[in-house]
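Since the structure comes first, as structure tokens, the remarks are kept for the end.
A short reminder: the numbers here are calculations on the coordinates, not readings from a lab. Keep in mind that this is a model prediction, so the values were computed, not measured. Ideal geometry is used to build each Cβ from the backbone, glycine not excepted, and the neighbour counts take in all protein chains shown.
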Amino acid sequence: MVSSTTFYLDKVQGQFHSSKEVLAEPGFGEILVKTRRTSICQSDVVIYKNGLTRIKEWPAIILHEVCCEVVSVGNGVTNFQEGDLVGIGCDLPCGDKDCIYCGINGTGDWTSCPDTHATGHEFPGFARTHAILPDWFVQLGPIKKFPRDMNPDIICQLEPLACCLEGMTRVNNCIENRVVVLIGAGSQSTYALQVAQAMGARKIILVNRGHQRLERVMTDFGDERTVGILWDENVVKNVFEACKPFNEPHFIMMNVPHEAGYNLSTKLLGYNTVLDAHAGVKGPTGKPQIMHSVDLNNDIHYKLQCYQATHGSTMHGINLAHEMLVSNKLPLLNKMTREDEYFGKDKLLQAIQRADDRDSLKVIVNWD
């Protein structure tokens, strides 16, 4: 048995309150894990400030970007053992091992399953020192083992990186040797910038409204292929100019959760352009309509345009992110967190407030 402390958020814009309990040893197929790091997602900020319709009960256990250490394993577990470091995803299979989407022989398209759920939403998050993962979680994922000497600060970013890779790999050959446009200079665009560099993009154009954030990302992560463009009244003209010798971008990732981002991204579509609507617009009352007219013949067919959306990740993205992190293909990842963006587990509210600052990219909570 192990003593565990859980930090409950009592309500929207509320406070975190701790509660202790004793966890039994894991049962058959289960594993007991200890939280080592959690990084703060913008979804956590939204949950704190506005709530989400998916969270039905308060107090809530939030946080889903996590690195854990295996404390003990139940009978029947062969893939994990005590002392393993693991990264865990947010979007979860439904738990039915016979499900055509989520099951052992399923397609793996968890977000297509009507019964899918997510960590920090329907499934308790990792604002707790320990957790027992059920047998279906251990068997189906999303959970990946990392080298024991790897930095937990890096491992806890498995999930947001996986979400990014889902969007950038859904359509084949849209990054390598291509022109990539990233709308917004937040954490997802910063992951995407590093991924595009690692995947051999020809040029990466980063667009952002605020000069300060744009300058930080360009300074810390830009290279000779990266162009920063301020989002002003001339942004469309300036993006097309930066695309030269091509006429328009090949891949656009829209990473701002506002209607203006959708409107801008559709203005940048050209021949053979893939648009990934990566940031949805949602709030405590639901998801507003954002209407857009498309010429299915002259645009979709004859211009070969592709509209797609990504929210969350499956084992496809988790596996890709795991390989990139273990192989150190994103060597600048530690620059996403500055010295004042590290917090202890007793400072969860301050961590979320820091993540809400305009200059913040990735806040990390150390649970050790």
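Please report, largest first and rounded to whole Å, the three semi-axes of the ellipsoid equivalent to the chain, where each semi-axis is the square root of five times an eigenvalue of the C-alpha gyration tensor.
Equivalent ellipsoid semi-axes, largest first: 35, 22, 20 Å.
Regarding segment 171-309, what is the average projected area of its C-alpha convex hull, in nm²?
So the Cα hull casts an average projection of 8.6 nm².
Treat every Asp and Glu Cβ in the chain as -1 and every Lys and Arg Cβ as +1, leave all other atoms uncharged, and give the resulting dipole magnitude about the Cα centre to the nearest 20 debye.
Here the size comes out at about 600 debye.
Counting only DSSP beta bridges with both residues in the chain, what percent are antiparallel, rounded to the nearest 5?
On the way: 36 of 62 bridges.
In the chain, approximately 60 percent of DSSP beta bridges are antiparallel ones.
Using 7 Å Cα-to-Cβ label points, what is the D295/A260 separation (nm, one decimal)?
Going from the D295 label point to the A260 one covers 2.8 nm.
Checking a compactness column here: for segment 68-160, what do you get for Rg(Cα) / (2.2 N^0.38 Å), N being the number of residues?
Rg over 2.2 N^0.38 Å, computed on Cα atoms: 1.09.
Arranged from highest to lowest average of other beta-carbon atoms within 10 Å per residue, in what order do the peptides 214-225, 171-182 appear?
Top to bottom by mean Cβ count within 10 Å: 171-182, 214-225.
Between L23 and M150, what is the spin-label point distance in nm, taking each point 7 Å from the Cα along the Cα→C-beta axis?
2.1
What is the spin-label model distance, in nm, from E323 to E122 if the labels are put 7 Å beyond Cα along the C-beta direction?
Those two pseudo-labels are separated by 3.0 nm.
What's the exposure ranking of H301, H322, going from fewest to most Cβ atoms within 10 Å?
Placing the least packed residue first, the sequence is H301, H322.
Calculated FRET efficiency, C306 and E176, Cβ-Cβ r, R0 22 Å, to nearest 0.05?
Values: r = 16 Å, r/R0 = 0.73.
That pair, C306 with E176, gives E of 0.85.
Whole angstrom only: what separates the Cα centroid of segment 343-361 from the Cα centroid of segment 95-109?
36
As a quick test, which of the pairs K144/K203; K34/K362; K144/K329; K203/K335; K287/K345 have an alpha carbon distance above 28 angstrom in this structure?
K144/K203; K287/K345
Sort out for me the Cα centre separation of segment 8-77 from segment 218-260, rounded to whole Å.
Between the Cα centres of segment 8-77 and segment 218-260 lies a distance of 37 Å.
With n ≥ 4 as the cut-off for DSSP H runs, can you work out [θ] at 222 nm for the chain, using -39500 (n - 2.57) per run divided by the number of residues, rounded to the nearest 500?
-7000 deg cm²/dmol
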